[in-house]
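One structure is given below, encoded as structure tokens.
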Amino acid sequence: MNLDFSIIAPSIPFILKGILVTLEFTLTSAVIGFLWGTFLSIFKISRWRLLRGFGVVYTSIFRGTPLLVQLSIVYFATPQLTGYNISPYMAGVITFGLNSAAYISETIRAGILSVDRGQREAALSLGVPYRRMMMDIILPQAVKNILPALVNESIALLKDSTLVSTIGAGDLLRRADIVSADTYRYFEPLIIVAAIYYVMVIGLTWAGRRLERRLQRSDRGEERVEVVRGAEGAPQRVA
């Protein structure tokens, strides 16, 4: 095999600078996708037909069209429609955030429906407002139930972020392409980028599992507290 990493060694720091761009892009898109996806999931279970229809149509469009096509529309069509020259980074964040929201909304909706219906009925019977019930009671439990699915979506978003290189964003893959064009060595830069992505995915997976275990321990602790309270409040038999 004709491999020589010494040729691209001076360019490795240039490639590594793309890590920050990739992580910043992924984190921003994930936050946008989670927040907007949460609202979409609430729309889909709303009693208002207009909101339900909007959520269903939105999800259908973004799940039914290729992500690369959406990215191209946002980046190339925005200047034509608005006269504003959007940056590659901003175009990528908007596209990936909106696209991720469509998938996350279905995950969160399933998580909301998995929460015991009795808790919702009990909260409403006590006069708890709907917004406070969703934010303080239903959504926290739903997020715990769907945490593995959210981690998987974050991993997919991290890997799909390589698509922004097609519009000139300075992520890892784009920088590897520049190094390849300068040195005429294609395998070595791509191997380095693949290794970096693998390490980031493993790190994200480890963080997700650790958070999941912590939440499970917290749930078990709360259950033990409830058992102790129940035992203390139980009537005592007097001889």
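Of all the numbered requirements in (1) at pLDDT 90 or above; (2) closer than 29 Å to residue 196 by Cα, residue 40 misses one, and that requirement is (2).
Against the list (1) assigned to a helix (DSSP H, G or I); (2) crowded, with 20+ Cβ neighbours inside 10 Å, the condition residue 169 fails is (1).
Can you tell me which residue among 25, 14, 54 is more than 21 Å from residue 147 (Cβ to Cβ) and buried (at least 18 other Cβ atoms within 10 Å of the Cβ)?
25
Restricting attention to segment 26-57, the residues that are assigned to a helix (DSSP H, G or I) and over 20 Å from residue 154 (Cα atoms) total 12. Checked against (1) assigned to a helix (DSSP H, G or I); (2) in contact with a Gly (Cβ under 9 Å, 6 or more places away or on another chain), residue 162 passes all but condition (2). Within the option set 201, 193, being assigned to a helix (DSSP H, G or I), more than 19 Å from residue 17 (Cβ to Cβ) and at pLDDT 90 or above holds for one residue only, 201.
So which of 120, 131 is surrounded by 17 or more Cβ atoms within 10 Å (Cβ to Cβ) and at pLDDT below 80? Reasoning before the result, please.
Values: 131 fails: surrounded by 17 or more Cβ atoms within 10 Å (Cβ to Cβ).
Result: 120 is the single residue among 120, 131 that is surrounded by 17 or more Cβ atoms within 10 Å (Cβ to Cβ) and at pLDDT below 80.
The values are calculated or read from the model by the stated rules, or taken from the named source; none is laboratory data. These numbers were taken from a predicted model, which means no experiment stands behind them. Note that we place each Cβ from the backbone using ideal geometry, even for glycine, and neighbour counts take in every protein chain shown.
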